[in-house]
There are 2 protein chains.
Amino acid sequence: MRVCVALLVVLALGACGRESATAPDATVLPDKVYQWKLVTTWPKNLPALGTAPERLAKEVELMSNGRLKIRVFGAGELVPAMEVFDAVSQGNAEMGHGAAYYWRGKLASAEFFATVPFGMNAQEMNGWLHYGGGLELWQEAYAPFNLIPLAAGNSGVQMAGWFNKEINSLEDLKGLKMRIPGLGGEVLKRAGGEPVTLPGGEIFTALQTGVIDATEWVGPYNDLALGLHTVAKYYYYPGWHEPGPTLEAIINKDAWESLPPDLQAMVKAAARTVNDDMLAEFTVRNASALKTLIYDHGVQVRRLPDDVIERLREVSAEVLAETGKVDPLTTRVYESYTAFAKSAREYHALSEQAYLEIRD
Amino acid sequence: MRVCVALLVVLALGACGRESATAPDATVLPDKVYQWKLVTTWPKNLPALGTAPERLAKEVELMSNGRLKIRVFGAGELVPAMEVFDAVSQGNAEMGHGAAYYWRGKLASAEFFATVPFGMNAQEMNGWLHYGGGLELWQEAYAPFNLIPLAAGNSGVQMAGWFNKEINSLEDLKGLKMRIPGLGGEVLKRAGGEPVTLPGGEIFTALQTGVIDATEWVGPYNDLALGLHTVAKYYYYPGWHEPGPTLEAIINKDAWESLPPDLQAMVKAAARTVNDDMLAEFTVRNASALKTLIYDHGVQVRRLPDDVIERLREVSAEVLAETGKVDPLTTRVYESYTAFAKSAREYHALSEQAYLEIRD
């Protein structure tokens, strides 16, 4: 197969500024420079979570040879973390990076596109989203907000969190003041605890002063950076509440449609790159940070007792089933999610899980 | 941040044909069309393994707006499967797709860049390669062959295989004729079995006629397609011999260096896309195919007995340690691999593995 191309291109253009909506159509204009703003829910350059959108922007600029420049803003630099969705929806920024469950107040289905208690892990989420109909449902859910979602990272299974009270039985959850947002918090509440919502920046002091007894955060890499081991006695596992959160890139639909197909393909490929890369980074950094926490800082790692796990699992199923009844779209999302989760669990019982169990 | 660009580009070119080595330097020539050949070790369009390089090629063509066209050849179309490495090394094709362990005869370290018995799973391989120094060692290993390697897919944990003899204890491995290539075969041999090497196309008949007692292949998705359930009694798990094989894209170094940086970035991003995507596809298709095998075809799924697993694990450690002594580079690869594998195992015992165990 051979291709002959004869081009006569005469271009004399001064393409200044940031406006992209003036592209006349979706053909390639090799001269046109698109300038995008990407707002994030993370502090600027937060390890892994915050560096992923920086990498995404860098890859796109390199691939596009500077035709699409994406400037990344940390939380609060352009808009506060919790206004990222609205800012991109309204076109005040062309792109955003965060996690779908932050937008649960706007759409109940959003929980399932990030992570839910006792739900799928990273590998399974990637399967459901890209080959199990998940991404199509996510696109449908975000369409009324003029947004296009893409998977753009995953932290893997998180840790259950840092505790200043020992958890030896279900009784110990009674009255436990724990920073744990969202569905995980709702589950804890029904299991007897007192969930508290606090932004990341206030966790350390709240734990130090005894305002809270416990907190979840991310995993060893980010937890070590935040110094949580200096203000808590025990580090519990496994992280039942966030078994593989997908991070999202969201794109304003008008901005997206103004891009020619080649730049759209680059944005998608950069998102997939980050999706693959963040989990790789977390896997290595978490493994290393766990050793530092245990061997250098003497952190006591504990497993949640079986009766606690069993109760949390029962309550999680109830909470998810209720969430799945909120509106017709969420019902379809819940049904798709739970059907694939069951299928993946059956297969992974014989493959990933069975393998992890025999290798020691 | 604003950027002003003024371009005056006058191009009148007929860029015909496939030669890329004539690019004068690594600056962007928006008119130049590069035509590459990508040879693979897979039959044309073999599910997942063979469709991944097709997708890689399609993504690059879309992103480059046709500036880099990659034509994909199945095994035997241009060169036989086992000559892919040499063909790309010598520049007869610019690119290849396969698995590093096929080249163990040329370099002992290659095993570790694909998968080894009782080694790392997909998530851990991605970590080691991209954040644990693995890719740098891989590049070093392939440099003398004028090749640049990239991770480009993973099948996840494979199944132990199809058997016509029941395996109830270590005794049953004695004299077992099993199609299992490479290190897995060496391990089986030391554990009492008789490994046989057969190309994929001959497995079905060999199992049907009793020439072999057992075979490994890939996982439910590919195994179902090959019809192995019609000629074998038992489907054993877990796949101890290939716990997460990384597939590779290899690129001829001269061809790579002839590309401008933007096209290089697109090839890398397309490889990462495929790396992320293949595991997602396998996760969904394997889960679905397993159900078909069990519920529609009545396949009997069995777990390898503990004493068999224990012996295979012991022997695997011996075989890997011996492989790690073959030459100085392989020693460094072995040490890097085993150090990170240990670290990842410790972390995943508290995260991925602990989570998979509590969710049922």
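Some notes on this structure:
- Any hit, the stretch B:275-290, residues being among the basic types (Lys, Arg), touching a residue at least 60 places away in the same chain (Cβ under 8 Å) and under 18 Å from B:VAL157 (Cβ atoms): yes
- Contact map, the stretch B:152-169: first residue closer than 26 Å to B:ASP277 by Cβ, second residue of a type in the set (Lys, Arg) and buried (at least 20 other Cβ atoms within 10 Å of the Cβ), Cβ cut-off under 7 Å, separation 6 or more or different chains; the map is empty.
- Filter pass, A:ALA100 being surrounded by fewer than 24 Cβ atoms within 10 Å (Cβ to Cβ), more than 14 Å from chain B (Cβ to nearest Cβ) and touching a residue at least 40 places away in the same chain (Cβ under 8 Å): no
- Filtered residue count, the stretch A:326-340, keeping only those that are within 14 Å of chain B (Cβ to nearest Cβ) and surrounded by fewer than 21 Cβ atoms within 10 Å (Cβ to Cβ): 3
- Scanning the stretch A:244-258 for residues that are surrounded by fewer than 24 Cβ atoms within 10 Å (Cβ to Cβ) and not small (Gly, Ala, Ser) yields A:LYS253, A:ASP254, A:TRP256, A:GLU257.
- Residue that is nearest to A:LEU263 (Cα to Cα), among those in the stretch B:282-304 that are more than 9 Å from chain A (Cβ to nearest Cβ) and of a type in the set (S, T, N, Q): B:THR292
- Unique residue being closer than 27 Å to A:ALA122 by Cα and among the hydrophobic types (A, V, I, L, M, F, W, C) when the list is B:LEU259, B:LEU247, B:LEU312: B:LEU247
- Filter result (over 21 Å from B:HIS241 (Cβ atoms) and outside any helix (DSSP H, G or I)) within the stretch B:326-343: B:ASP327
- Any hit, the stretch A:136-148, residues being within 14 Å of chain B (Cβ to nearest Cβ) and either touching a residue at least 24 places away in the same chain (Cβ under 8 Å) or out of contact with any Lys or Arg (no Cβ under 8 Å at 6 or more places or on another chain) (or both): yes
Listed here are the residues, each with its yes/no results for (1) among the charged types (D, E, K, R); (2) touching a helix residue (DSSP H, G or I) at 6+ places or on another chain (Cβ under 7 Å).
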site	(1), (2)
A:GLY227	no, yes
A:TYR237	no, yes
A:ALA249	no, yes
A:LEU263	no, no
A:LYS268	yes, no
A:PHE282	no, yes
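- Selected residue [within 12 Å of chain B (Cβ to nearest Cβ) and either in contact with a strand residue (DSSP E or B) (Cβ under 7 Å, 6 or more places away or on another chain) or in a helix (DSSP H, G or I) (or both)] from A:GLU318, A:GLU346: A:GLU346
- Residues of the stretch B:299-325 satisfying the condition of being surrounded by fewer than 19 Cβ atoms within 10 Å (Cβ to Cβ) and in contact with a helix residue (DSSP H, G or I) (Cβ under 6 Å, 6 or more places away or on another chain): B:ASP307, B:ARG311
- Counted residues, the stretch B:211-258 - those being within 13 Å of chain A (Cβ to nearest Cβ), in a strand (DSSP E or B) and under 16 Å from B:ALA114 (Cα atoms): 1
- Test: residue in the stretch B:271-281 that is closer than 23 Å to A:ASN65 by Cβ, crowded, with 23+ Cβ neighbours inside 10 Å and facing another protein chain (nearest Cβ under 8 Å): yes
Yes or no, residue by residue, for (1) under 30 Å from A:ALA339 (Cα atoms); (2) over 21 Å from the mean Cα position of the chain (by Cα):
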site	(1), (2)
B:THR230	yes, yes
B:ILE250	no, no
B:ASP262	no, yes
B:ASN286	yes, no
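- Test for A:ARG272: is it closer than 27 Å to A:ALA87 by Cβ, out of contact with any strand residue (DSSP E or B) (no Cβ under 6 Å at 6 or more places or on another chain) and at pLDDT 95 or above: yes
- Residues (in contact with a strand residue (DSSP E or B) (Cβ under 8 Å, 6 or more places away or on another chain) and under 18 Å from A:TRP217 (Cα atoms)) located in the stretch A:170-188: A:LEU176, A:LYS177, A:MET178, A:ARG179, A:ILE180, A:PRO181, A:GLY184, A:GLY185, A:GLU186, A:LEU188
- Filter result for B:ALA151 (modelled with pLDDT of 95 or more and within 21 Å of B:SER336 (Cβ to Cβ)): yes
- Verdict on B:VAL196 being more than 11 Å from every other protein chain (Cβ to nearest Cβ), without any contact (Cβ under 8 Å) to a residue 24 or more places away in the chain, farther than 22 Å from B:THR51 by Cβ and of a type in the set (Val, Ile, Thr): yes
- Failed item in (1) away from chain B (no Cβ under 14 Å); (2) out of contact with any Lys or Arg (no Cβ under 6 Å at 6 or more places or on another chain), with A:GLY156 passing the rest: (1)
- Flag if B:ALA114 is over 17 Å from B:THR330 (Cα atoms) and in contact with a strand residue (DSSP E or B) (Cβ under 9 Å, 6 or more places away or on another chain): no
- Residue tally, condition more than 20 Å from A:ALA269 (Cα to Cα), surrounded by 19 or more Cβ atoms within 10 Å (Cβ to Cβ) and among the polar types (S, T, N, Q), over the stretch A:119-151: 1
- Of all the residues in the stretch A:131-172, those that are under 30 Å from B:GLU346 (Cβ atoms) and either assigned to a helix (DSSP H, G or I) or touching a Cys at 6+ places or on another chain (Cβ under 8 Å) (or both) number 2.
- Listed by first and then second residue, the pairs with beta-carbon distance under 6 Å, at least 6 apart or on different chains, first residue in the stretch B:305-329 and touching a residue at least 40 places away in the same chain (Cβ under 8 Å) and under 12 Å from B:VAL187 (Cα atoms), second part of a helix (DSSP H, G or I) and not aliphatic (A, V, I, L, M), are B:VAL315/B:ARG190; B:VAL319/B:GLU186.
- Qualifying positions in the stretch A:236-258 - closer than 27 Å to A:VAL301 by Cα and among the hydroxyl-bearing types (Ser, Thr, Tyr): A:TYR236, A:TYR237, A:THR246
The values are calculated or read from the model by the stated rules, or taken from the named source; none is laboratory data. Nothing here was measured: the structure is a model prediction, and the numbers come from that model. Glycine gets a Cβ as well: all are built from the backbone with ideal geometry, and neighbour counts include every protein chain shown.
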